[in-house]
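Have a look at the structure below, then the notes.
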Amino acid sequence: MELVAVVTLLGILAGIAMFRLGTAGIGDFGAQGVARRIAIDMRLARRAAISTGDNHYLSFTVNGGNATDYRMYRKASGGDVTADAVRSLPEDVSVTVSATTVEFDFEGQALAAYQVTLTGPNRTFQLNVVPVTGVVRISEL
């Protein structure tokens, strides 16, 4: 009897969660997740630039105005070196970038003010990189 009550209660809670999230909300988890992943990789590039003394940058591949993937590189004296694997961006999230490269110097500063905008079915997120500090901020538009 107790097991039936627990299963019923879990079913009710799951129903409430699905009602609150809805299918539109679930679809936007992709845009938010991708925004967080790119922000983490920007922070990793910044930290790698500080620790190695070599500039690091993310290079975005843009096709038809939308970024399709990106990769981290290290600027070395003998030429740029791949510092990470290619990360593909999902097709259901529109990703636009203000520049195809987001670069950080040995002090952790960004070489420019960069913006990455990620648009899901119902929500839009924007990453902003502050040039002087190299800080990456995520905001919902």
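No lab work stands behind these numbers, since they all come straight from the coordinates. Predicted, not measured: the structure shown is a model, and the values here were computed from it. In this analysis, Cβ positions are derived from the backbone assuming ideal geometry, glycine residues included, and neighbour counts consider all displayed protein chains.
Relative contact order of the chain: what whole-number percent is it, with Cα pairs under 8 angstrom and at least 6 residues apart?
22
Using +1 at the Cβ of each Lys and Arg and -1 at the Cβ of each Asp and Glu in the chain, identify which of THR100, ALA85, LEU111 lies farthest towards the dipole's positive end.
Final value for the positive-end residue is LEU111.
Would you calculate the separation in nanometres between label points at GLN126 and GLN32, each defined as 7 Å from the Cα along the Cα-to-beta-carbon direction?
Spacing of the two 7 Å Cα→Cβ label points: 1.9 nm.
Take SER98 and ASP80, extend 7 Å from each Cα along the Cα→Cβ direction, and tell me the distance between the two endpoints in nm.
In this crude label model, SER98 to ASP80 measures out at 2.0 nm.
Once both labels are modelled 7 Å past Cα along the beta-carbon direction, what's the ARG87-THR68 spacing in nm?
1.9
How much mean residue ellipticity at 222 nm does the chain get from its helices, if each DSSP H run of length 4 or more adds -39500 (n - 2.57) and you divide by all residues, to the nearest 500 deg cm²/dmol?
-13500 deg cm²/dmol
Given the Cα-Cα distance of PHE106 and VAL4 and 0.36 nm per residue of separation, how much length would full extension add, in nm?
That pair, PHE106 and VAL4, stretches by 30.6 nm at full extension.
Rg over Rh of the chain, using C-alpha atoms and the Kirkwood radius, what does it come to?
Expressed as Rg/Rh, it is 1.17.
Once you list every other residue whose beta carbon is under 10 Å from the beta carbon of VAL86, what net charge do they have if Lys and Arg are +1 and Asp and Glu are -1? Let's see the in-between values first.
Working: positive: ARG71, ARG87; negative: ASP69, ASP84.
For residues surrounding VAL86, the net value is 0.
Hey, can you rank 81-89, 123-131 by average C-beta count inside 10 Å, highest first?
123-131, 81-89
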